[in-house]
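Step one of this worksheet: look at the structure below.
The values are calculated or read from the model by the stated rules, or taken from the named source; none is laboratory data. This structure is a prediction, so every number in the text was calculated from the model and none was measured. Cβ atoms come from the backbone with ideal geometry, glycine included; neighbour counts cover every protein chain shown.
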């Protein structure tokens, strides 16, 4: 699919699914409501190969392994405080971390859709 339509639409779809998942979870009020939420969660994988290819392709060929390792290190370190922040937000209101995650995710998807992957 990525070769036919380009990587960007698949990556945007992945980012949108990442953003919609917490919103769908917090909107579910029953087990039946969680089923579509986790279908949305599964759709997060639709553009993962294209997203990872964008990461790899943005690095110089002789530095790709290091660049990918550095990317995952920075990503892991930047999300490490997420559990603590989420817990603090949960104390304010249980839905708040889900709503903020969805909002920031949709904003990020929009930013990528407008500016990302011009290749």
Determine which single condition residue 57 fails, assuming it passes every other condition in (1) closer than 28 Å to residue 1 by Cβ; (2) out of contact with any helix residue (DSSP H, G or I) (no Cβ under 7 Å at 6 or more places or on another chain); (3) free of Cβ contacts under 8 Å to residues at least 24 places away in the same chain. (3)
Going through (1) at pLDDT below 95; (2) surrounded by 13 or more Cβ atoms within 10 Å (Cβ to Cβ); (3) touching a helix residue (DSSP H, G or I) at 6+ places or on another chain (Cβ under 7 Å) one by one, residue 48 fails only at (2)
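Could you say which residue among 56, 26, 74, 68 is modelled with pLDDT of 95 or more, part of a helix (DSSP H, G or I) and more than 13 Å from the chain's Cα centre (by Cα)?
Numbers: 56 fails: modelled with pLDDT of 95 or more; 74 fails: modelled with pLDDT of 95 or more; 68 fails: modelled with pLDDT of 95 or more.
Just one listed residue meets the conditions, 26.
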Six or more apart or on different chains, Cβ atoms under 7 Å: show the pairs whose first residue is in segment 64-86 and surrounded by 10 or more Cβ atoms within 10 Å (Cβ to Cβ) and whose second is modelled with pLDDT of 95 or more. 86/97
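Give the number of residues within segment 89-111 that are outside any loop (DSSP other than H, G, I, E, B) and exposed (fewer than 11 other Cβ atoms within 10 Å of the Cβ). Spell out the reasoning first.
Restricting attention to segment 89-111, the residues satisfying the condition of being outside any loop (DSSP other than H, G, I, E, B) are 89-92, 96-111.
After this cut, where a residue has to be exposed (fewer than 11 other Cβ atoms within 10 Å of the Cβ) as well, the list is 91-92.
Count: 2.
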Qualifying positions in segment 29-45 - under 14 Å from the mean Cα position of the chain (by Cα) and surrounded by fewer than 16 Cβ atoms within 10 Å (Cβ to Cβ): 42, 45
